[in-house]
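First comes the structure, then the notes that go with it.
The values are calculated or read from the model by the stated rules, or taken from the named source; none is laboratory data. If you're wondering where the values come from, they're calculated on a predicted model, not measured in any experiment. Cβ sites come from the backbone with ideal geometry, for glycine too, and all protein chains shown count toward neighbours. Remember, those area values only see protein heavy atoms, side chains included, never the ligands or the DNA or RNA. Shrake-Rupley method; radii C 1.70, N 1.55, O 1.52, S 1.80 Å.
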Amino acid sequence: GAVRRAWTVTLPMAEVERVAPNEEIQDVEVGIEALAERAVSRGATLDDALRDLPVQYGKWIDAQRGLLAGLPDRRRETGERLIEAMERARARIAAGIAILQGDERARTAFRIMNLAIAKAARHRLAGVDGDPDAVSPPRWRPFQLAFILLNLAGLTNKTHPDRELVDLLFFPTGGGKTEAYLGLAAFAIAHRRLSAGGVLGAGATVIMRYTLRLLTLDQLVRAAGVVCALELMRTDPTFADERGRRLLGDWPFEIGLWVGSDASPNILGGRNNTGDHTAVTRVRRFRKDGRNAPAPLKSCPWCGTPFSRQSFACVPNELAPKNLTITCANPTCDFTRDRPLPMLTVDEVIYRRLPSFVIATVDKFAGLPWIGQAGAFFGHVDRYDEGGF
């Protein structure tokens, strides 16, 4: 039992410099609401605001190219490969700007995207007691705007070669990745609705999966804010054509939380079906003791007000429910009383209503090939009624 040897294992150490986003590029408009306003006018107005982005990027690429000469052979080969990729990205950004200049539908979707992101940001930053109108005008970071622009060609043209690419957006925590992909999600959802009227533009447009439940819930709240903004715009009379038809369609924008039954009920339940796994039972328990809410959400994603025991309800009744609704407890919120939040948390309802945005944990995502009802996400429906497809 005597100790005869002791040793340590050395861990390699390296200093990692902080990566900070460039907040502004000269002669490029990054104000989110300012870009939305420019998108109302002709494409040339938006082009004036954005055309210097690929130009400035090109100058930076040229400066990087000048560093190649002093590198060893292998590192120079890597540098050349990276610069080639940069040039492709620069060309894709320029192509995205050209699309906004020449394609009115894409320009309208771009405007709606900017408005939705700005509205959601103002409400999130204002908090429960703040005034969203008093919040400083939100701005894109240049890399966020560039990432959105370089993906526009693939999102607007179903035969574009970019649709075979998977773009990785990497930035350290807190850099702004979420807003960048939520911007793309809002653009894709809006463009789909603008391309098909009535209910033809409905259906799942974005499926996002996260491996950690805590991350999933955080993303749900932020994504739900954007969906709330889209839904308010959809029903706004200013977003209608000359005949009064809604530009963003007749089916509500909704977001679905598609996770395991521990976090949210997978079935509604009802008469002769009131087990612990049902929405009906979980709503009753929550109203009784205020613990273990039927959905893993603590506050309204639009105004930040904590949910009350009356915020969750099975409608039209608990004997034969069609949906589990979530209503804000704040009487001044846009999503209170008879207008519930556009959020779905029960699997049974998600398969029927096909929310535009689906957030799933990886276990549900992996089950896609084995869950027959999930085929509806991919267009396997042939009719609809007021309850869904």
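Values computed for the structure shown
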{"read-out": "Convex hull per residue volume in Å³, alpha carbons only, for the stretch 226-326", "value": "115"}
{"read-out": "Surface accessible to a 1.4 Å probe, R284 within the full protein complex, Å²", "value": "110"}
{"read-out": "GluC sites (Glu not before Pro) restricted to DSSP loop in the stretch 280-389 with at most 12 other C-beta within 10 Å", "value": "E386"}
{"read-out": "Nearest 10 degrees, 0 to 90: helix 279-289 Cα axis against the chain principal axis", "value": "80"}
{"read-out": "Computed lengthening from D250 to A366, 0.36 nm per intervening residue step minus Cα-Cα distance", "value": "38.6 nm"}
{"read-out": "For the stretch 263-306, projected area of the alpha-carbon convex hull averaged over all directions, nm²", "value": "3.4"}
{"read-out": "Alpha-carbon centroids, the stretch 323-389 and the stretch 282-318: separation in whole Å", "value": "17"}
{"read-out": "Whole-number percent relative contact order across the chain, with pairs defined as alpha carbons under 8 Å at least 6 apart", "value": "15"}
{"read-out": "P(r) histogram, all alpha-carbon pairs of the stretch 300-389 included - 10 Å bins from 0, percent", "value": "15, 41, 32, 12, 0"}
{"read-out": "Percent of alpha-carbon pairs separated by more than 20 Å within the stretch 74-198", "value": "52"}
{"read-out": "Average accessible area per residue (Å²) across the chain - probe 1.4 Å, nucleic acids and ligands excluded", "value": "55"}
{"read-out": "Between helix 52-65 and the chain: long-axis angle, C-alpha atoms, 0 to 90°, nearest 10", "value": "50"}
{"read-out": "Radius ratio Rg over Rh of the stretch 1-89, counting only Cα atoms, Kirkwood formula for Rh", "value": "1.32"}
{"read-out": "Rounded percent of accessible protein surface that carbon and sulfur make up, the stretch 279-364, 1.4 Å probe", "value": "50"}
{"read-out": "Accessible surface, 1.4 Å probe, highest first, among residues F335, F378, F365", "value": "F378, F365, F335"}
{"read-out": "(i) 89, 76, 44; (ii) 57, 57, 47; (iii) 68, 58, 40, with the label sought being that of the calculated Cα extents along the principal axes in Å", "value": "(i)"}
{"read-out": "Calculated FRET efficiency for the pair R65/D236, C-beta based, R₀ 51 Å, to 0.05", "value": "0.60"}
{"read-out": "Cross-link table K177/K364; K322/K364; K119/K288; K177/K298; K177/K288; K158/K322, entries beyond 31 Å C-alpha to C-alpha", "value": "K119/K288; K177/K288; K158/K322"}
